[in-house]
Each structure stands twice: as C-alpha cells, then as structure tokens.
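Trainee: Have a look at the structure that comes next, please.
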Amino acid sequence: MLRQMLLAAAWMLALAQPVTAGEGGDALVLPRDIVQRASSFADDLVLPDRAESIAALSAPRMALLKPPGDGPFPALVLLHQCAGLNGAVAAWARRAVARNYVVLLLDAFGARGVSSVCYGPQAGVNLVRGAKDAVQAAQHLRRQPFVDSKRVALVGFSWGGMVGLLAARRHYLDAFGAGPGFTAVASFYPGCFRIKPPGGRDYELLGPDIAQPLLLLMGGADTETPAAECVEKLTPVKAAGAPVEWHVYPGTTHCWDCQQLDGRSKIDVRGNHVAYRYQPSVVEDSERRLFDFLQRSFAGK
C-alpha cells in the first residue's frame, strides 16, 4: 500500500511539470522526460517466449499463441480493458489465430498485483506504462522467427484502446526509444479524453502525430467512452492527413463483445451511468472491419 501511495504521488508530481508546446505537434502532450518517468513506475513485464497452440488457452492468461506451421505470420498484440484480461479478449485471440495470426495475449496487471485501473492508476500501471508495455510486446514479437516483423499490429479494448492511442503516436514512440512500434493500431471503444490528473497537467490521448494506420470502432450508445468525444477530435486530425479511420455503431453500448457483462451496469470514474449489452451482430461486424483494416494496412509490407 505504501509503495502504491508513493508511486501515485510521483505520478502527480511528474504531471505537474510544464507541458512543452509543440512536442508531438500538440501543446497538450507530455514532455519526453515525464513520459520516461511515468513509464518507469512499474517494472517491465516478462513476456512469454514459448509459443503455444490456441487449444492450450483454457482460461484467459498471458500467452504467446501461434497457428500451425513455421510462418512467418502476421502478429497481433491484444491488450485488455481496465478490469484486466477476460474471456472477451481471449475470444479475439481465438478469432485471430483461426485467421493465421500469431497473438501475444498481453496481461499488464497480473504480475504487478493489479486487478483493475478503472478508477485510476494502480501500482505504477498508468496509460503511459501501458503504451510502453505494448511497444515492448511488439519488439518481443519481432524477435520470434515465426513472425513477419513488418506486420505487427496492436488491438486494444477500452483501457487497452486508450493505450493504443498513445502507442500510435510518434511522440511517445520516440520517448520510449523502443523501436518502430506497430504497423497498425486498432482501438475498440476507447476514450479520447483529455486526461486531468489531480494536481497535475492536462494531456490528450489523441494527437495529430499518428505514426501508422489507426482504426477506432465505437458504440453510439456508449456512455463510458462516448464516441462523439472521439469523432470531434478525429475529424480535424483526419482532415490534416493523418492515417486514421473510424466507425460508430448506432445504439451500441460500451464493451459490446463482453458477454460476461451483458445486462450489468455501474457508475464509472467520471460519474456516468454505464450499461452493458452484449451484441453478437456488432461483434461479427467489428471482426470483419478489424481484419479488413489489418489486411489493407499490411498490404505491401
């Protein structure tokens, strides 16, 4: 508990430092030294080296999963929601392996003793640390002989999708100094929020310095991460030439692929009433849109 309190205090102190206008093409961006400090509050993850078949995934866990054969295969890093790795994300791993993708099912919480960051960072796990985890996972995949190093993408869900917005930006990739990042990034129902830490300096998750193709899939009835907040910020970014695209599903709630949450509700960190409804038709369409996007993004790589 004391360590968590100290880490939280260090995070707020770091964010209280001035934000340098112009870095990453955006005044509301964290300076490089703060990015490096914020991403060091939790130790690096130990990522799996042994590849397993999808049949070995009997429960959601950190795993390196590959289809039969030698490859090289395209690869995905899958990053979970704010409550941690669950069956919905594991189901996406099964869909991806069935399409001949290698999957690194990333658990940013378990080894760090964290069960949830839905109400704020815990044990040094914040959005910036998550983005560094994702980029390090991309490096790890590129070292595998059965992975096509030019075709490595990130697919993030909710919290993982917000992490993806940072991991798609040149400013943060440069600050991490951890390689080229991803060939493409897909974010399912992310929040495109301006982050406002208590006593700290505001920063934006979405910025104009998008390094590679970025796809956002969002629900029109999502009150936890409202699509309208993203569309408002995405529109000028796309108009300026950034490689971003999005789709909003009308009448669709947050976490439409989370069968385990169907019918549940809560009050979120921003005080919004959030209801969840599992929507198989949207799951099917989002699968189609995701893999079409990846195929287009990987073409010629």
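Trainee: Hey, got the Cα dimensions of segment 121-166 along the principal axes, in Å, largest first?
Mentor: Answer, in whole Å and largest first: 35, 19, 13 Å.
Trainee: Still on this structure, I have one more. Where a Cα-Cα gap under 28 Å defines reach, which lysines qualify for residue 132, not counting those fewer than 8 residues away within the same chain?
Mentor: Straight-line reach from residue 132, under 28 Å: 66, 150, 196, 233, 238, 301.
Trainee: Calculated from DSSP H runs of 4 or more alone, at -39500 (n - 2.57) each and per residue, what is the 222 nm mean residue ellipticity of the chain, nearest 500?
Mentor: Result for the chain: -10000 deg cm²/dmol, rounded to the nearest 500.
Trainee: Assuming a ≥ b ≥ c are the square roots of the Cα gyration tensor eigenvalues, decide whether the chain counts as rounded (a/c under 1.5), prolate (otherwise, with a/b larger than b/c) or oblate.
Mentor: Working: a/c = 1.28, a/b = 1.20, b/c = 1.07.
It is rounded, given that a/c, with a ≥ b ≥ c, falls under 1.5.
Trainee: Sticking with this structure for a sec: How many percent of DSSP beta bridges within segment 167-269 run antiparallel, rounded to 5?
Mentor: 25 percent
Trainee: While we're here: Could you sort the peptides 201-212, 123-134 by per-residue average Cβ neighbour count (10 Å cutoff), highest mean leading?
Mentor: For the peptides 201-212, 123-134, the packing ranking is 123-134, 201-212.
Trainee: With a cut-off of 8 Å between alpha carbons and a minimum separation of six or more residues, what is the relative contact order of segment 94-244 in percent?
Mentor: Averaging sequence separation for qualifying contacts and normalising by length gives 17 percent for segment 94-244.
Trainee: Using the Cα centre as the reference, give the magnitude of the dipole from point charges on the C-beta atoms of segment 141-282 (Lys, Arg: +1; Asp, Glu: -1; all else neutral), rounded to the nearest 20 debye.
Mentor: Result for segment 141-282 is approximately 320 debye, rounded to the nearest 20.
Trainee: If you project the alpha carbons of segment 94-231 onto the principal axes, what extent comes out on each, in Å, largest first?
Mentor: If we take the Cα atoms of segment 94-231, the spans are 46, 33, 30 Å.
Trainee: Same structure again: Considering only the chain, what is the antiparallel percent among its DSSP beta bridges, to the nearest 5?
Mentor: Working: 11 of 40 bridges.
Among the beta bridges of the chain, antiparallel pairing accounts for roughly 30 percent.
Trainee: Restricting everything to alpha-carbon atoms, can you work out Rg to Rh for segment 71-129 with a Kirkwood hydrodynamic radius?
Mentor: 1.05
Trainee: What is the order of 193, 157, fewest Cβ neighbours within 10 Å to most?
Mentor: 193, 157
Trainee: Among 260, 139, 122, which one moves the most in a GNM of the chain with springs linking Cα atoms closer than 10 Å?
Mentor: 260
Trainee: If you don't mind, there's one more thing I want to ask. Along each of its three principal axes, how wide is the spread of alpha-carbon positions in segment 210-301, in whole angstrom units, largest first?
Mentor: Over segment 210-301, Cα extents along the principal axes are 43, 27, 20 Å.
All of the numbers you see were taken from the coordinates with simple rules; none came from a lab. Only a predicted model underlies this, so the values are computations on that prediction, with no experimental measurement involved. Methodologically, a virtual Cβ is constructed for each residue, glycine included, from the backbone with ideal geometry; neighbour enumeration extends over all protein chains shown.
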